[in-house]
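The values are calculated or read from the model by the stated rules, or taken from the named source; none is laboratory data. None of these values were measured; they are calculated from a predicted model. So basically every Cβ, Gly included, is an ideal-geometry build from the backbone, and we count neighbours across all protein chains shown.
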Amino acid sequence: MIEQKIRECCVAAVKDLYHQEITPEIIGFERTKKEIEGDFTVVVFPLVRFARKSPEATAAEVGEYLKSNIPWILHYNVIKGFLNLVMKEAFWLDFLEEEAASPNFGTTPDYHQAPVILEYSSPNTNKPLHLGHIRNNLLGNSISLILEANGYHVIKVNLVNDRGIHICKSLVAYMKWSNGETPKSAGIKGDHLVGKYYVLFEKQYKEEIRSLTASGIPEEEAAKSAGLIVEAQEVLRRWEAQDPEIIALWQTMNGWAYEGFADTYKRLGVEFDKTYYESDTYLLGKALVYSGVEREALIRKPDGSIWVDLQDEGLDEKLLMRSDGTSVYMTQDLGTAEQRYNEYHPSRMVYVVGNEQIYHFDVLKRVLRILGKPSGDAIFHLSYGMVELPEGKMKSREGTVVDADDLMEEMYLTAEETTRTLGKVDDFSDKEANLLFETIGLGALKYFILKVDPKKNMLFDPKESIDFNGNTGPFIQYTYARIQSLLRKAADAGSSSFVPRPSSLVTQEREVIKLLYQYPSIVRQAGDELSPALIANYIYDLAKEYNQFYQEVPVLREEDPAVVSFRLELSSITGDVIRKGMKLLGINVPERM
RNA sequence: GGUCCAGUAGCUCAGGGGAUAGAGCAACAGCCUUCUAAGCUGUGGGUCGAAGGUUCGAAUCCUUCCUGGAUCACCA
């Protein structure tokens, strides 16, 4: 890595020239800005106090030292405290031949012993997936691929929320009003059918509360005493008592939901190594909590409920077990964390969960620590921001939820319309064309979501369809398809595979190579920060740079066959990096579009 | 009220101690007899929420304030 070499050489320069010891980290090292001549820039301001000279003089002396000690440096220039280094072309050409052309470029060989457990998706069986889940799933899927590229063994797990009072609500509604309809008889996707009954319950429940309050009952009391909610609670009791009738219906309706989810996951392109169900895990953690009481790390209140007191740590008291001895979400999460930790001995357990649960994970880690469990330190909550609509947060009650299946279908249709209008598929078979629409539509959606920093909230306006021009998935896909078109034409013309070295590089070639050089460090950084956005923005920069090259520099039209051959090679490598980078985002690229 | 996150061009987003703050969209003006115009080039557009502070240097770090959001359930 040239950066390390240059940093070390700067340390040596300060030692030899100024007889001072410095550490490599204090040196500023970056890519040279585009308008200025140079490939890499050393910021020497931090060195001037050791040199006791002006920034310009320091930069010049260090520059001279670097040039005579690092053979790859051709020359340098100094602007204020910025030492701009120009590398020899051989440096870039060696890089292309020896690194970029390698199939493993940008991936680290498998070297991490302990796996990483990555939990994401975590749907609720009474609601179909919506845009928020899409972000979650795309992030989880992409992060798993990025971690794998960085040499980690990733175990992707899904924890399905398939029990609880909310699930019982859809059961009650179904028993009352369905007349036994099924996804098949209703012609509705399973998860949507279940969701329909959940919504119906909420609607009727609200109606019931309204009529109760109209007859003079306070709202709070009405919400508790309404017949529907009482029924749902009764169903929950029967469920916990394993009532065969309830269990059977519960299994049937959950089965419908899973069939629906499976379709959505498939179209989104996400998958899991293991699926956990809360109905299996909700009792886990109780023993942990009891042992915590015995060790007096937790508090049992007179009514029997168990709490953890985090007030010394600046938080509140938090319930861990109800007074009737039943467990809450936290109890279960304590249990599953321990279970996974003991099963896989992971180096990290990453949870892709929305930022509304920051407090939950904070408490979870603290409680595990209080209980003396090391699993708490392995937990990392990847908290991502919400997807907001122009009018604010998505609310299922107000019908402002953007459904995942609908959105994917819309993207497909928009892709089809745009593509047909442009006349791009006139010579495609139906099958090829449909595949292309899916690739472009889903590519646009995925890129749109993944290009923004996971931590930040993002805005989605359903009225404005996701763009296909500019900083978008289709733009990148188009660039890739263009490259493949060039390569096909060249292959047809029978150009040789021998790639001679060009006598010199034009600016556009050099800029593309410099960006290619960044790729491995971007992949590493994306792995360190668990941020697909870094890959997305990088691939965009690369595609944009390549397009400029493509537009301004002849490839096949070039007369010198050696230059043609080199430019094809550069194009081919760029195409490979675009494909690999997009793959890390879970986005496919088409050979033609 | 406590805690946490965010505020950068009209809009959506990059940049998270270094040079004159960048892209895309939208607007306007160019570029297809030549490798795919889902492209390329150019123009306009900014007191980086505000004020202080640290620093040779601050959009970036610290403090306070303003605005928006999240969260603080015997929900998950």
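Overview of values
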quantity: Any pair with Cβ under 6 angstrom, 6 or more apart, that starts in the range A:131-158 at a residue that is acidic (Asp, Glu) and ends at one that is surrounded by fewer than 23 Cβ atoms within 10 Å (Cβ to Cβ); calculated: A:Glu148/A:Val154
quantity: Residues being hydroxyl-bearing (Ser, Thr, Tyr) and closer than 23 Å to A:Val154 by Cβ - total across the range A:323-377; calculated: 6
quantity: Flag if A:Glu356 is under 27 Å from A:Ser144 (Cα atoms) and either acidic (Asp, Glu) or at pLDDT below 95 (or both); calculated: yes
quantity: Segments classed as helices (runs of 4 or more DSSP H), wholly inside the range A:99-202, with at least 1 members that are of a type in the set (Asp, Glu); calculated: A:131-149
quantity: Of all residues in the range A:418-430 being of a type in the set (Val, Ile, Thr) and assigned to a helix (DSSP H, G or I), the one that is farthest from RNA strand B (Cβ to nearest atom); calculated: A:Thr421
quantity: Unique match (being modelled with pLDDT under 95 and closer than 20 Å to A:Leu445 by Cα) among A:Glu388, A:Glu409; calculated: A:Glu388
quantity: Subset of the range A:536-548 (residues that are within 11 Å of A:Thr574 (Cα to Cα) and either more than 8 Å from RNA strand B (Cβ to nearest atom) or touching a Phe, Trp or Tyr at 6+ places or on another chain (Cβ under 6 Å) (or both)); calculated: A:Ile539, A:Leu542, A:Glu545, A:Tyr546
quantity: Residue match in the range A:158-172 (condition: in the same structural domain as A:Tyr329 (by TED's automatic domain parsing) and over 27 Å from A:Ala248 (Cα atoms)); calculated: no
quantity: Test: residue in the range A:114-130 that is within 14 Å of RNA strand B (Cβ to nearest atom) and of a type in the set (A, V, I, L, M, F, W, C); calculated: no
quantity: Among (1) under 30 Å from A:Val387 (Cβ atoms); (2) more than 9 Å from RNA strand B (Cβ to nearest atom), the one test that A:Phe498 misses; calculated: (1)
quantity: Flag for A:Glu278 being within 16 Å of RNA strand B (Cβ to nearest atom) and buried (at least 19 other Cβ atoms within 10 Å of the Cβ); calculated: yes
quantity: Restricting the range A:153-195 to residues that are surrounded by fewer than 22 Cβ atoms within 10 Å (Cβ to Cβ) and of a type in the set (Ser, Thr, Tyr), the residue that is modelled with the lowest pLDDT; calculated: A:Ser178
quantity: Residue that is farthest from A:Gln548 (Cα to Cα), among those in the range A:458-495 that are within 6 Å of RNA strand B (Cβ to nearest atom) and part of a helix (DSSP H, G or I); calculated: A:Lys489
quantity: Test: residue in the range A:218-233 that is crowded, with 20+ Cβ neighbours inside 10 Å, in contact (Cβ under 8 Å) with a residue 40 or more places away in the chain and more than 20 Å from A:Lys127 (Cα to Cα); calculated: no
quantity: Check on A:Phe45, under 14 Å from A:Gly63 (Cα atoms), in the same structural domain as A:Lys67 (by TED's automatic domain parsing) and at pLDDT 95 or above; calculated: no
quantity: Test: A:Ser142 is surrounded by 22 or more Cβ atoms within 10 Å (Cβ to Cβ) and touching a Gly at 6+ places or on another chain (Cβ under 6 Å); calculated: yes
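Quick grid of which residues meet (1) more than 19 Å from the chain's Cα centre (by Cα); (2) part of a loop (DSSP other than H, G, I, E, B):
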| residue | (1), (2) |
| --- | --- |
| A:Ser521 | no, no |
| A:Gln548 | yes, no |
| A:Leu556 | yes, yes |
| A:Glu569 | yes, no |
| A:Thr574 | yes, no |
| A:Lys580 | no, no |
| A:Ile587 | no, yes |
| A:Met593 | yes, yes |
